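Input: a single structure, listed below in structure tokens.
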Amino acid sequence: MTAPLSETDGAELRDVGDGVYAYLQRDGSWGWSNAGLVTSRGDAMLVDTLYDLNLTRRMLDTMRRRTPDAANIETVVNTHANGDHCWGNQLVGGAEIVASRRAADEMRDLSPALMKTLVRASRLAVGAGAGARWAANLLARLGVTRATSFADAARFVVEKFGVFDFEGIELCPPTTTFDGALTVTVGDKAVHLIEVGPAHTRGDAIVHVPADRIVFSGDILFVGSHPVVWEGPVENWIGACDRILALDVDTIVPGHGPVTDKAGVSRVKEYWVYLLAETRDRFEAGMSADEAARDIALGGFSGWLDAERVAVNVDTIYRDLSGDRSKRDPLQALARMALLLEEREGRAKR
């Protein structure tokens, strides 16, 4: 393999196989997703785009400098609906965009314009300081309950998402969808798209390149950071890990974090098995989801980034255990994580 091509912001394009590349961003934390390129005989397929146009444009320029095949991207696969894996689609004009049917449906749930507005409003709230919380509490007493969630989440939103530029993004949904599985051809390579959701999101899919013994896992794998289960159930995520472990592969490119192998998959599976058991015990003991999230010891996972995601993970498991099928309020989920992070940071300073 050739040496990785470093970028000024810590991103790199790494050769992981015979004409297969992984584009890796920073530490894989919030919004810093990975992507991939599969090439063969002058053809190319892109696995995911990035969170904003600047990042996606830089990635495409890097790929084109590395291989002329990247100038001929005929297919884009979006592994799931989160914006950090599909909001750069418009920069690959003319390509066939492929995703699972459920992922395509879910892409309509959150628009880039709404995310831009949320970050802008959060900046204003943070600038207002304590006054924003006072105003939000007043609105809450009048029945505007989401106002408190917004005040709690604002600083978190700015810190995690304020670095991205959501200006000018046009949502470009898939032109081809599938259920279950689909095989596409890149040059003389067969590439298998395998739906494994609902897990992280409603329509997660992995991308298997059997000739090169490589899998692009999308956000079924977070390496070095806590995963987050927006949809679930967690049992499906464990099953998705088993699907990857059953494949004849050596190299696995996660949705976030460094390139790994089957040991990395097993570690994510261990995380979910542990968290599911610990959460179920507290559910049966009558704890609230927030109490459980604060009570669960992270043990061997304590060194992973983004531990605040445990708040959402525990809440999702509680919803499954109680049979709650109501639509989750994303603002409340952000507020839950923000408050847990604030609490843990406060304890660390004492």
Check VAL77: other-chain or 5+ apart residues with amide H under 5 Å from its amide H, H built from backbone geometry? LEU46, VAL47, ASP48, VAL98
Pairwise label distance in nanometres, ASP188 with SER266, each label 7 Å out on the Cα-Cβ vector: 3.5
ASP242-LEU124 FRET efficiency (beta carbon distance; Förster radius 51 Å; 0.05 resolution): 0.65
Divide by every residue of the chain the summed helix terms, -39500 (n - 2.57) for each DSSP H run of at least 4, and state the resulting mean residue ellipticity at 222 nm, rounded to the nearest 500 deg cm²/dmol. -13000 deg cm²/dmol
Counting other beta carbons within 10 Å of each residue's own, what order do ASP324, ASP15, ASP52 fall into, fewest first? ASP324, ASP15, ASP52
Near LYS160, which lysines are there with a Cα under 16 Å away, not counting those fewer than 8 places off in the same chain? LYS116
Per principal axis, descending, Cα span of segment 272-349 in whole Å: 38, 27, 20
Roughly how big is the chain's charge dipole about its Cα centre, with Cβ charges of +1 (Lys, Arg) and -1 (Asp, Glu), in debye to the nearest 20? 980
Between THR117 and ASP295, how many nm apart are label points set 7 Å from Cα along the C-beta direction? 3.9
Averaging sequence separations of C-alpha pairs under 8 Å and six or more residues apart, then dividing by the length of the chain, give the relative contact order as a whole percent. 16
ARG64 versus GLU343, label points 7 Å from Cα toward the beta carbon: distance in nm? 4.9
Calculate one ³J(HN,Hα) per residue across segment 105-113 by plugging θ = phi - 60° into the Karplus curve 6.51 cos²θ - 1.76 cosθ + 1.60, and present them in order as whole Hz with x for glycine and proline. 5, 6, 4, 7, 6, 9, 8, x, 5
What is the extension gain from ASP15 to GLU167, computed as 0.36 nm multiplied by their sequence separation minus the C-alpha to C-alpha distance, in nm to one decimal? 51.6 nm
Most positive-pole-ward Cα, VAL215, TYR21, LEU91, against dipole of the chain from beta carbon charges: LEU91
Which three lengths, in whole Å and largest first, does segment 201-319 cover when its Cα atoms are put on their principal axes? 50, 27, 18
Send over the semi-axes of the chain's equivalent ellipsoid, whole angstrom and largest first, taken as the square roots of 5 times the C-alpha gyration tensor eigenvalues. 34, 23, 18
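FYI, it's all coordinate maths here, none of it is from the lab. As the structure is a prediction and not an experimental result, all values here were calculated from the model. Virtual Cβ from ideal backbone geometry, glycine too; neighbours counted across all protein chains shown.
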